[in-house]
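Just below is one structure, and these are the notes that go with it.
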Amino acid sequence: MEIVDEGRELRFRRLKADDLRLVHEWLQRPHVQRWWNDRETYDEVVEHYLPSIEGDEPTDHYIALLGDEPIGFVETYLVSDHPEYASLIGVGRDVAGVDLFIADEALTGRGVGTQILRRFVDDVVFGTGSTMSCVAGPEARNVASLRAFEKAGFRVVKEFVEDGQVHTLVRRDR
């Protein structure tokens, strides 16, 4: 079932400072915290995301919307803007990274992640002429995320270790 067939358009808008309370609340949800557990307090959320919102950090953050309802969070960045990560995963130039989570647990397991990935990569990541590939590195034990990436056209490239955890590098070329 495609969720966009329910008559509500899937779209994305840039994260704003006014969204940070919502993002903080989402990050406290158990199904999100399982994989996104770096920022527990509201102050940590502000410290991490506000510099990008203000244009001082090179990551672009978005709210995924279904109609007018915020349903998730997506971010993208040029891997080369993060040299340590670029060295770790060993990808070339003009490669973007992408990360996401679905905020409403009731929407998980329904193909929503796949739809978000497919649409976001097509419209936002590949919306610029220079980005030739998109990668992500979910934890290897996050089977649902890996399945969503594969259904969205990503292929498994390799495994790597980051922060003591095994991750799977997936890649989708333009």
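The values are calculated or read from the model by the stated rules, or taken from the named source; none is laboratory data. The shown structure was predicted, so the numbers you read here are calculated from the model rather than taken from an experiment. Counting neighbours? That spans all protein chains shown, and the Cβs are built from the backbone with ideal geometry, glycine included.
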Item to check | Selection count, the range 159-174, where residues are in contact (Cβ under 8 Å) with a residue 24 or more places away in the chain and either touching a strand residue (DSSP E or B) at 6+ places or on another chain (Cβ under 6 Å) or polar (S, T, N, Q) (or both) | outcome: 10
Checklist entry - Among the residues of the range 100-117 satisfying the criterion of being of a type in the set (Gly, Ala, Ser) and part of a helix (DSSP H, G or I), which is surrounded by the fewest Cβ atoms within 10 Å (Cβ to Cβ)? => result Ala106
Checklist entry - When the range 90-120 is examined, which residues are found to be farther than 16 Å from Thr59 by Cβ and among the hydrophobic types (A, V, I, L, M, F, W, C)? => result Val91, Ile102, Ala103, Ala106, Leu107, Val112, Ile116, Leu117
Checklist outcome for this item: Checked the range 55-64 for anything closer than 24 Å to Gln28 by Cβ and either of a type in the set (Asp, Glu) or modelled with pLDDT under 95 (or both); matches are Glu57, Thr59, Asp60
